[in-house]
Structures are given as structure tokens and as C-alpha cells.
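Notes for the one structure printed next.
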Amino acid sequence: MNGILRKPNYRVVVRLVAVLACGLGPSMAWSPWAQAAGNVQASVADGNLIIAGDTASNNILVIQEFNEVVTVVGRAGTTVNGERGPSSADGVTNIAIDMRGGDDFVRVEVVPSAGLAIPGDLRIDTGKRNDIIELLGVTVAAETRIDTGDGSDTIFIDGVFTPSEEFVRSDFAGRFAVETGDKEDLIEINHAIFRGEVDVKLGRGIDAACTHASEYQSPDNTSFDGGEPSGFPGDGFYVLIIELADAVTDFEFFPDDCAFLGGRVF
Ligand SMILES: [Ca+2]
Ligand SMILES: [Ca+2]
Ligand SMILES: [Ca+2]
């Protein structure tokens, strides 16, 4: 953005009007994350860290502190195992997060340090309603699977700076699969490496995908599917990597800056 205001062009204005006319406007009402609360249960069994939310709107950080040590922090009133404050788990290989109903917020991040990885799989399921998932500087050695269920959901992936100002990208070694279901979803991927298959399905609704400064090492096994509706005003996709053009299906606006759902314009 660089703080530069851009003049809206005619196509963007037409598109915005069309999107609003299709009923996106009412679903963009303020989501009450300030009222997030409820409780999540976190437990480890056989190397699997299971984090289970409740039907309330939960807000948690999942922080990898050292190899196999993961801390869960509740925010905005959300408790972890009935307590306020952080709860740490040792011996973690796989992480499975199931947030259930409510407008949930989940951020998975690392204490920035070279070579720190989730040794196994990362699975996140946020269920119905409007959820936000952020993955910041996360390295997953095996498979990553994200299912945001119905509702207008947002997935944001980016890198982080270490204390020595080194930038660490998010890094997905195994299969990376996303399904965002009904309603208007946004997936924004910045500064990430995908070493294996990528399968992103945005489901019904007027969705947007944008990816910037990211590396797709297996473009033949990379797919972004915008889903229905397949006509005007359609789904938006923004990417600077032309090699991915064949990986994109059911996106009617290509390239699109995704600004209509809050995607960043570079
Ligand atoms: Ca919940
Ligand atoms: Ca959802
Ligand atoms: Ca959708």
C-alpha cells in the first residue's frame, strides 16, 4: 500500500456495487470479537494436541515456543481449560483445533526462531459462523488441513521477523488443503512456501484469493477453486505468479485485487 491512496477505477466501482447488490452488505455487519469468550479445552494424547472450542465465540493464540512445546493463550475473555492465562503442552507432534460454533479467532504462530517446525500435521476446523484464522511464520513438516465451514471466513498467512530482524516465511512441506464453504470467504497468502500439493476450495459465495511473494514449488499439483457462483460478479483472484494461471478455476475476475473483501493491494 505504501500509504498511497488509489483512485477507484470504473471496474472496481461497478464490481463493488454488484457485490453489494448481491447481498454481501448485510453479512459484513460488525462481528462481535470484542465479546469473544467461552472456553477451549486443550489436551495432549500420543503426541496429538487437541484444542476444542465451545459454541461461544472463542479467541485463542496457539504458539509454538520450542520443539514440541506449544502454548495456548485465551484472549478477549476466552479461558483455556477453565483458567485465564496461558496453558502449555509438551511432546506435541500434531495439532488439531476444532473451534465449533461462534465467530472464532485462531492464530497459530511461532516464537520466531530458525528451524522451529510443527513436526506432524496441523488441522484447523472452525465450523459455522464467521471465523478468522491466521498462520504467522508457521512451518508444518507434514500435512496442513483447514476447514472453515460455513460463514464468511478469513484466512491470513504471512511470515514473521525474528528478533535479529531475519524474516521467516511460513513453510508447508506436505499437502496444504483448504475448504471455506458457503458465504464470502477471503484467503490471503503472503511470504509463504508450499513444497507439495496445494488444494484450495472456496465453495459457494463471492470469494477472493490473493497471494503475494509466495512460492509454489509444485504448480502442477496446485489448485485454487473459486466455486459457485460462476457468473457475474464472480470470485476474485490475485497473484503475481503467472505460472499459477493454469491452477485457477472458477474465478471470474483474474487478476483481481481482492479489495472487495479486504484483501491487501500491493
Ligand atoms: Ca467456538
Ligand atoms: Ca465458518
Ligand atoms: Ca465461499
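The rows are residues; the columns are (1) more than 13 Å from ligand 1 (Cβ to nearest atom); (2) in contact with a helix residue (DSSP H, G or I) (Cβ under 7 Å, 6 or more places away or on another chain); (3) assigned to a loop (DSSP other than H, G, I, E, B); (4) of a type in the set (G, A, S).
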| residue | (1), (2), (3), (4) |
| --- | --- |
| A76 | no, yes, yes, yes |
| G85 | yes, no, yes, yes |
| G91 | yes, no, yes, yes |
| I95 | yes, no, no, no |
| D103 | no, yes, yes, no |
| E109 | yes, no, no, no |
| P112 | yes, no, yes, no |
| L116 | yes, no, yes, no |
| G120 | yes, no, yes, yes |
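Just to be sure before I move on: is I124 within 14 Å of ligand 1 (Cβ to nearest atom), free of Cβ contacts under 8 Å to residues at least 60 places away in the same chain and among the β-branched types (V, I, T) in the structure I sent?
Here the answer is yes, as I124 does meet what is asked.
What pairs come out if I take residues in the range 129-141 that are more than 17 Å from N190 (Cβ to Cβ) and pair them with residues that are within 14 Å of ligand 3 (Cβ to nearest atom) whose C-beta lies under 7 Å away, six or more apart or interchain?
If the second residue must be within 14 Å of ligand 3 (Cβ to nearest atom), the pairs left are R129/G151; N130/G151; N130/S152; N130/D153; D131/T148; D131/G151; D131/D153.
Got a sec? Which of V248, V198 is more than 11 Å from ligand 3 (Cβ to nearest atom) and modelled with pLDDT under 95?
Exactly one of V248, V198 is more than 11 Å from ligand 3 (Cβ to nearest atom) and modelled with pLDDT under 95, namely V248.
Return yes when E109 is within 16 Å of ligand 3 (Cβ to nearest atom) and surrounded by fewer than 23 Cβ atoms within 10 Å (Cβ to Cβ) and no when it is not.
no
Do you know which residues across the range 158-195 are within 16 Å of ligand 3 (Cβ to nearest atom), charged (D, E, K, R) and closer than 20 Å to E134 by Cβ?
Across the range 158-195, the qualifying residues are E179, K183, E184, D185, E188.
I'm trying to understand the selection: among the residues of the range 138-171, which are within 25 Å of R100 (Cα to Cα) and more than 16 Å from ligand 1 (Cβ to nearest atom)?
The answer is V138, T139, V140, A142, E143, T144, R145, I155, F156, I157, D158.
Only one of A96, A114 is surrounded by fewer than 18 Cβ atoms within 10 Å (Cβ to Cβ), more than 16 Å from ligand 3 (Cβ to nearest atom), of a type outside the set (D, E, K, R) and at pLDDT 95 or above. Can you tell me which?
Sole residue among the options that is surrounded by fewer than 18 Cβ atoms within 10 Å (Cβ to Cβ), more than 16 Å from ligand 3 (Cβ to nearest atom), of a type outside the set (D, E, K, R) and at pLDDT 95 or above: A96.
Give the number of residues within the range 179-217 that are outside any loop (DSSP other than H, G, I, E, B), within 17 Å of F251 (Cβ to Cβ) and among the β-branched types (V, I, T).
Counting residues in the range 179-217 that are outside any loop (DSSP other than H, G, I, E, B), within 17 Å of F251 (Cβ to Cβ) and among the β-branched types (V, I, T) gives 5.
Name the residues in the range 174-187 that are touching a Phe, Trp or Tyr at 6+ places or on another chain (Cβ under 9 Å) and more than 16 Å from ligand 2 (Cβ to nearest atom), would you?
Result: F176, single match.
Does at least one position in the range 143-157 carry a residue that is in a strand (DSSP E or B), within 16 Å of ligand 3 (Cβ to nearest atom) and not hydrophobic (A, V, I, L, M, F, W, C)?
Yes, the range 143-157 contains at least one residue that is in a strand (DSSP E or B), within 16 Å of ligand 3 (Cβ to nearest atom) and not hydrophobic (A, V, I, L, M, F, W, C).
Take the residues in the range 202-213 that are surrounded by fewer than 21 Cβ atoms within 10 Å (Cβ to Cβ) and more than 13 Å from P229 (Cα to Cα); name whichever of them is farthest from ligand 3 (Cβ to nearest atom).
Selected residue: A213.
So which residues in the range 140-173 are within 16 Å of ligand 2 (Cβ to nearest atom), in contact with a strand residue (DSSP E or B) (Cβ under 9 Å, 6 or more places away or on another chain) and not hydrophobic (A, V, I, L, M, F, W, C), if there are any at all?
Matches in the range 140-173: R145, D147, T148, G149, S152, D153, T154.
The values are calculated or read from the model by the stated rules, or taken from the named source; none is laboratory data. Fair warning: this is a prediction, and the values are worked out from it, not measured in the lab. Every residue, glycine as well, gets a Cβ built from its backbone with ideal geometry; the counts of neighbours run over all protein chains shown.
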